[in-house]
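Let me begin by presenting the structure, written as structure tokens, before commenting on it.
The values are calculated or read from the model by the stated rules, or taken from the named source; none is laboratory data. It should be emphasised that the depicted structure is a prediction, and the values quoted were computed from it without experimental measurement. All Cβ positions, even for glycine, are placed from backbone atoms using ideal geometry, and neighbour counts span all protein chains on display. Surface accessibility is based on the protein's heavy atoms, side chains included, excluding ligands, DNA and RNA. Shrake-Rupley method; radii C 1.70, N 1.55, O 1.52, S 1.80 Å.
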Amino acid sequence: MSKIKIAELFYSIQGEGRYMGVPSVFLRTFGCNFKCAGFGMPKGELSTEIESIAYRVSDFKTYEELPLVSTGCDSYASWDPRFKDLSPMLTSDAIVERTLEILPGQRWDNAHLVITGGEPLLGWQRAYPDLLDHDGMKELKEITFETNGTQKLTPEFKQYLINWGMGEDREVTFSVSAKLSCSGEERHEAIKPEVVCDYQEVGYTYLKFVVATEEDAEEAIETADIYRAEGFTGPVYLMPVGGVESVYTLNNRRVAELAMKNGLRYSDRLQVPLFKNEWGT
Ligand code: SF4
């Protein structure tokens, strides 16, 4: 039976993108190919908040105890190796058992599954079919992969998802948060239009750019054009930066205005005003 290293498994409301407001199970896998040494830090510098938390990592026994950060990656513990011991390797049976425990009435009904990270398409593509074919997942209709859009689907997993999506009322979505320069990642590593266009052959695919300033929005528009030139046809969202409320509220209205001005969609981050972006929300 396949195992996946799980950073978090929780039930909440999807706060971002296409399924905003939809009750969802979030499966946060461990591992990412990026560090996003940016987001409020000078490019290339790791968040000093994350560094100070990592320094006393042994003080924390669960994700819920970890402090939130206003700079760097807000899900740092799902990929930083210094936090790896907080994420157990779980079998498909264990994941499904826990999932059914947290789902109201133990039924998928209108709930959808969000497979997030870290970067969920980095290391676990071979393990997902075992999980998704499990008896307890049979009623599941909708899956979203929240990805940074750099990981190509393997031919086997691509075909598996195409077949899965052909089931009645089933749909696969790729929510692609491509990283702009404010993330600190190098453009040639972060922007992979050919990878994202390949997702389109499997399911509904959209781009979601995290922005704070007019310059970020301009970069997002310019970058979206590069994807379009490659054949990308899906919608483009702008979403405010801000893993903590003080940062989010500084720029959410501004980002909504920038989206309107440029004819793009706006995505909120409902988990911030609703739940303060606490772990497990
Ligand atoms: S790609 Fe996402 S999970 Fe990975 S470091 Fe960047 S923000 Fe964090």
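For this structure, a couple of remarks:
- Here T99 sits with roughly 0 square angstrom of accessible surface, probe radius 1.4 Å.
- Rounded, prolate or oblate (a/c below 1.5 giving rounded, otherwise prolate when a/b exceeds b/c) for segment 160-281 by Cα gyration tensor: oblate
- Stretching S58 away from R170 to a fully extended chain increases their span by 36.1 nm, per 0.36 nm per residue minus the current alpha-carbon distance.
- Take the Cα of E101, go 7 Å toward its beta carbon, and the backbone nitrogen atoms of segment 1-25 under 14 Å from that spot belong to 8-11.
- Choice from P120, P129, P104 showing the highest fluctuation, given a GNM over the chain with Cα pairs closer than 10 Å: P104
- Gained length - V22 relative to D133, 0.36 nm times residue gap less alpha-carbon distance: 37.7 nm
- Note on the chain: with neighbouring protein chains present and a 1.4 Å probe, carbon and sulfur make up 51 percent of its accessible heavy-atom surface.
- Relative protection proxy for 190-196, 251-257, from highest mean packing down: 190-196, 251-257 (other beta-carbon atoms within 10 angstrom).
- With the simple model of a label 7 Å out from the Cα in the direction of the Cβ, E215 to Q200 spans 3.1 nm.
- For F209, the shell of other residues with beta-carbons less than 10 Å away shows a net charge of 0, using +1 for Lys and Arg and -1 for Asp and Glu.
- Within-14-Å neighbourhood charge of T249 [Cβ basis; K, R +1; D, E -1]: +2
- Taking Cβ atoms as reference points and 9 Å as the exclusive limit, the residues near E171 contribute a net charge of 0, counting Lys and Arg as +1 and Asp and Glu as -1.
- Gyration tensor (alpha-carbon) shape descriptor, segment 142-192, a/c threshold 1.5: oblate
- Dipole moment magnitude, nearest 20 debye, the chain about Cα centre, only Lys, Arg, Asp, Glu C-beta charged: 80 debye
- A dipole drawn for segment 43-151 from +1 and -1 charges on Cβ atoms has a positive end, and of T150, Q106, V96 the residue lying farthest that way is T150.
- DSSP bridge pairs, the chain: antiparallel proportion in percent, nearest 5: 30 percent
- Shape category assigned to segment 81-175 from the gyration tensor of Cα positions, a/c cut at 1.5: oblate
- GNM result for the chain, Cα springs below 10 Å: residue of Q271, Q159, Q200 fluctuating most strongly: Q159
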